[in-house]
1. Cβ-Cβ under 6 Å, sequence separation 6+ or interchain: first residue in region B:4-19 and at the interface with chain A (Cβ under 7 Å from one of its Cβ atoms), partner of a type in the set (Ser, Thr, Tyr) and assigned to a helix (DSSP H, G or I). Which pairs?
2. From the list B:Asn71, B:Asn58, B:Asn53, which residue is of a type outside the set (Gly, Ala, Ser), in the same structural domain as B:Ala150 (by TED's automatic domain parsing) and within 26 Å of the chain's Cα centre (by Cα)?
3. Tell me, yes or no, whether region B:48-59 has at least one residue that is of a type in the set (Phe, Trp, Tyr) and buried (at least 19 other Cβ atoms within 10 Å of the Cβ).
4. Take B:Arg333 and tell me if it is assigned to a loop (DSSP other than H, G, I, E, B) and touching a helix residue (DSSP H, G or I) at 6+ places or on another chain (Cβ under 7 Å).
5. Quick one: in region A:90-103, which of the residues that are part of a helix (DSSP H, G or I) and touching a helix residue (DSSP H, G or I) at 6+ places or on another chain (Cβ under 7 Å) is nearest to A:Ile279 (Cα to Cα)?
6. Filtering region B:20-37 down to residues that are within 14 Å of another protein chain (Cβ to nearest Cβ) and charged (D, E, K, R), which residue is surrounded by the most Cβ atoms within 10 Å (Cβ to Cβ)?
7. Considering each of B:Asn87, B:Asn126 in turn, give the residue that is on the phi < 0 side of the Ramachandran plot, in contact with a helix residue (DSSP H, G or I) (Cβ under 8 Å, 6 or more places away or on another chain) and surrounded by fewer than 19 Cβ atoms within 10 Å (Cβ to Cβ).
8. Tell me, please, whether a residue that is closer than 18 Å to A:Ile329 by Cβ, within 14 Å of the chain's Cα centre (by Cα) and not hydroxyl-bearing (Ser, Thr, Tyr) can be found in region A:246-268.
Protein chains: 2
Amino acid sequence: MKNFYYSIPTEIFFGKGQIKVLGDQIKKYGTKVLLTYGGGSIKRIGLYDEVVNILKDNGIEFRELGGIDPNPKIDSVREGIKIIRENDIDFILAVGGGSVIDCSKAIAAGYYYQGDPWDFLIRKANVENALPLGTILTIAATGSEMDRIAVISNPETRQKLSFGHISMAPKFSILDPTYTFSLPKNQTAAGVADIMSHTFENYFTLNDGAYLQDRFAEGILKTCIKYGKIAFEEPDNYEARANIMWASSWAINGLLSYGKDVKWSVHAMEHELSAFYDITHGVGLAILTPVWMEYVLDDERVDKFVEYGVNVWDIDRNKDKYEIARLAIDKTRDFFKSIGIPMSLREVGIKEEDLEKMAKACTDNSGGNKIGNFKLLGYEDVLSIYRKAY
Amino acid sequence: MKNFYYSIPTEIFFGKGQIKVLGDQIKKYGTKVLLTYGGGSIKRIGLYDEVVNILKDNGIEFRELGGIDPNPKIDSVREGIKIIRENDIDFILAVGGGSVIDCSKAIAAGYYYQGDPWDFLIRKANVENALPLGTILTIAATGSEMDRIAVISNPETRQKLSFGHISMAPKFSILDPTYTFSLPKNQTAAGVADIMSHTFENYFTLNDGAYLQDRFAEGILKTCIKYGKIAFEEPDNYEARANIMWASSWAINGLLSYGKDVKWSVHAMEHELSAFYDITHGVGLAILTPVWMEYVLDDERVDKFVEYGVNVWDIDRNKDKYEIARLAIDKTRDFFKSIGIPMSLREVGIKEEDLEKMAKACTDNSGGNKIGNFKLLGYEDVLSIYRKAY
């Protein structure tokens, strides 16, 4: 196990009706709020009205930034910073999923920086501080509610990049599984795929002696497999929604990665799909994951796939190693199919002639270095994986 | 899954050599330190000198409270509070295991209370604040390094009770597995038993829908089983010590219990053994655990034991339910034996004629109510379990 520093400062209020704490929580940190949200689903489920009433009842002034897109754009970040500066706002309340929360984190950090916030993404500037932020989660997926990372897209440069700082971790997050009851099936499925992909990125490493972390990862994967299917079929199954929601936070908040030598690869490949085509992040991940698994499977890595197959999919450990590995990969693909995810890049509208450009961008964004570390992948590898996934 | 509030504010510096952060960390919180420790093992391994040198190099004044006993006594708490008040101390540094840390937490809370600190334990007073506290862990067992609980004994009243408050959670804990290399085998074993018992207490509940939490618990149990044996046989195996140390923190910091309907029972029964005979807590737990399991096994609970046997001990799920359950219990007992733990109350010097008094004290300390909730246990049940464990 490698040395590490661990801190999860976010407080979680989990369960039905936890919004009751909202007023008191906000007042611990601020007096004037920027309320951020996405395309309006929070209005359809009545959550917008509930939040606004709580703010009013508590005498908390607020401004709004709605319409934040999936794969949130740097322009929304710029707009949020402008509203905050013009209105002396001192707290951000993000109501939505990972896109709304990520955008809000970038706004929180950008407030303290006089340059353009895109500078953080291209490492031209470092975050030093951020405004306090709270979240009300409406989709279980990115884990942004309990970590310090933001992923932001720039359509002009066709880049989707990430940055983070401890000050960007939410002060509190309200996780009420009932807010996810009305999610469309495809968003439920994409969220589950995203959680599983975070877990895979942390799990598939070589010989790092972080045994406990990998057992935790298997627990999250088993949770996604069991309850992903149930939530897909019974959208208002509280137990399923609750387990998936809590799994989403733990897949990426550090529990699975600290002490390990983790460098993500499938996310790096998917980010180009979203940057070029704005496709749903979780769908891109689900398409690439089994193909990536097949591509990297070899003698050095087969034992890790055996571990995965036996512990997560309950495959008989007495079978041949490669048979277990291939069965585990097949089961992974079958699971994603079973929750309705299209399993090829072609099906989500990506053009074959763009694969090379995307593979080039992927390694460029890694500074020309190979990506990942379970198995290092260069331009040719990424292109092969895109082609096999086509 | 039940509603819950989750917060783990403790920062962790994990790994070899992390003591390098000590000076800077203390200076974030205080200027004058009470250094607390136990029977002197920290002097034998050179840690005492290292800590003192760091304090001096950083110009941090300090006083000492050494000799804190296992099953720490309320008198040590009173003494610590006195030293702090007489010397204007504003930070406590606990160097040791759960006893030293628990005693230090009670001192930290007692400083702000004008009455006798035992009042907290008998619920005559509530904690409102505590001095900041940091820890350097030297044995993986109680998880006190990352939670808010203290267990304190009162030899006069023969009581061993617990209390806690968010302000008592350590600000930081330094977890360096190499400090546990020189632990005697029996302490290593008792520590592992303690971690497993915390996990069992959180794991064995009925139908609470907290699936994810139970998978995390199984990960901790598998870690203890795999690496407990290795650490017992190869005391300086870093990977084993690291996995056990990190497991100790997560078994009890809330990850396994929030969202579940948990009420501990084996700990309640063991506390009387320690209160009457001052035996090693982990040994008492290991003796009682398999007997308790056999005692509560019935038609309503057998499925939970099947879950345990299949997921933790890899027992064939196609066997008969009760066969799986009994095999799992046998394997639990065999594991404790394999790490040298005596498996009867007789062997640790407890007198048969005291069993009734201890069973009475156990239910008295629960306000006359039955203990636990996986299966409620009254006086006769507790006495039966003590007798079967004799």
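1. That search, which allows pairs on different chains as well, returns B:Lys16/B:Thr178.
2. Values: B:Asn58 fails: within 26 Å of the chain's Cα centre (by Cα); B:Asn53 fails: within 26 Å of the chain's Cα centre (by Cα).
Only one candidate passes the filter, namely B:Asn71.
3. Among the residues of region B:48-59, not one is of a type in the set (Phe, Trp, Tyr) and buried (at least 19 other Cβ atoms within 10 Å of the Cβ), which makes the answer no.
4. For B:Arg333, the condition - assigned to a loop (DSSP other than H, G, I, E, B) and touching a helix residue (DSSP H, G or I) at 6+ places or on another chain (Cβ under 7 Å) - is not met.
5. If we take residues in region A:90-103 being part of a helix (DSSP H, G or I) and touching a helix residue (DSSP H, G or I) at 6+ places or on another chain (Cβ under 7 Å), then A:Gly98 is nearest to A:Ile279 (Cα to Cα).
6. Across region B:20-37, the extreme among qualifying residues is B:Lys28.
7. Numbers: B:Asn87 fails: in contact with a helix residue (DSSP H, G or I) (Cβ under 8 Å, 6 or more places away or on another chain).
None of the other options fit; the residue is B:Asn126.
8. So far as region A:246-268 goes, yes, one or more of its residues are closer than 18 Å to A:Ile329 by Cβ, within 14 Å of the chain's Cα centre (by Cα) and not hydroxyl-bearing (Ser, Thr, Tyr).
The values are calculated or read from the model by the stated rules, or taken from the named source; none is laboratory data. Just so you know, these numbers come straight off a predicted model, no measurement behind them. All Cβ positions, even for glycine, are placed from backbone atoms using ideal geometry, and neighbour counts span all protein chains on display.
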